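K.L.:
Encoded as structure tokens, here's the structure I'll be asking about.
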Amino acid sequence: QVQLVESGGGLVQPGGSLRVSCAASGSFSSINAMRWYRQAPGKQRELVATITSIGFTNYADSVKGRFTISRDNAKDTVYLQMNSLKPEDTAVYYCNALVGPRSYWGQGTQVTVSS
């Protein structure tokens, strides 16, 4: 069993930066991969970034070069550093953990990019 709690969302101006965090409780070492998804109003949830247990990362084309996913195993936490933010990045950002066949979700954190 893994529980995820996101934090760090908020309001930021276009071009600004924000870092969201996902703290995991439970068996962090058993997590195969952690992902950040986002869902904008009226749109489907989309995969933004992935990091595996061995540190492999992957990004959606829309965020490549602007977002960076990282993990701190000592703190059981995954981060998403978001730079050069655009209004279209506005969404609820969700953390997801894959443990074998099971998938766990956090409650989400709102990120709003607006002047």
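The values are calculated or read from the model by the stated rules, or taken from the named source; none is laboratory data. If you're wondering where the values come from, they're calculated on a predicted model, not measured in any experiment. Positions of Cβ are generated from backbone atoms using ideal geometry, with glycine treated the same way; all protein chains shown enter the neighbour counts. Ligands, DNA and RNA are excluded from the accessible area calculation, which covers all protein heavy atoms including side chains. Shrake-Rupley method; radii C 1.70, N 1.55, O 1.52, S 1.80 Å.
K.L.:
For the range 40-80, what mean projected area does the convex hull of the alpha carbons give, in nm²?
P.N.:
3.6 nm²
K.L.:
Would you mind putting 64-76, 88-100 in packing order, based on average other-beta-carbon counts within 10 Å, highest first?
P.N.:
88-100, 64-76
K.L.:
Could you work out how far apart the two model spin labels at Asn83 and Ala40 are, taking each label as a point 7 Å from the Cα in the direction of the beta carbon, and quote it in nm?
P.N.:
Taking the two extended label points, one gets 2.2 nm.
K.L.:
Work through the residues other than Thr52 whose Cβ is under 12 Å from its Cβ and net out their charges, Lys, Arg +1 and Asp, Glu -1.
P.N.:
+2
K.L.:
Report the gain in length on full extension from Ser70 to Ile54: 0.36 nm times residue separation, minus Cα-Cα distance, nm rounded to one decimal.
P.N.:
Value of the extension gain: 4.6 nm.
K.L.:
Sum up the charges of everything whose Cβ sits under 12 Å from the Cβ of Gln110, counting Lys and Arg as +1 and Asp and Glu as -1, but leave Gln110 out.
P.N.:
-1
K.L.:
Ignoring ligands, DNA and RNA, what percent of the 1.4 Å accessible area of the chain is carbon and sulfur?
P.N.:
Reported share for carbon and sulfur atoms: 48 percent.
K.L.:
Excluding Gly9 itself, calculate the net charge of residues whose Cβ lies under 13 Å from the Cβ of Gly9, where each Lys or Arg counts +1 and each Asp or Glu counts -1. Mind showing how you got there, number by number?
P.N.:
Details: positive: Arg19, Arg38; negative: Glu6, Asp89.
The answer is 0.
K.L.:
For the range 44-102 and the range 20-35, compute the distance between their C-alpha centroids and round to whole Å.
P.N.:
12 Å
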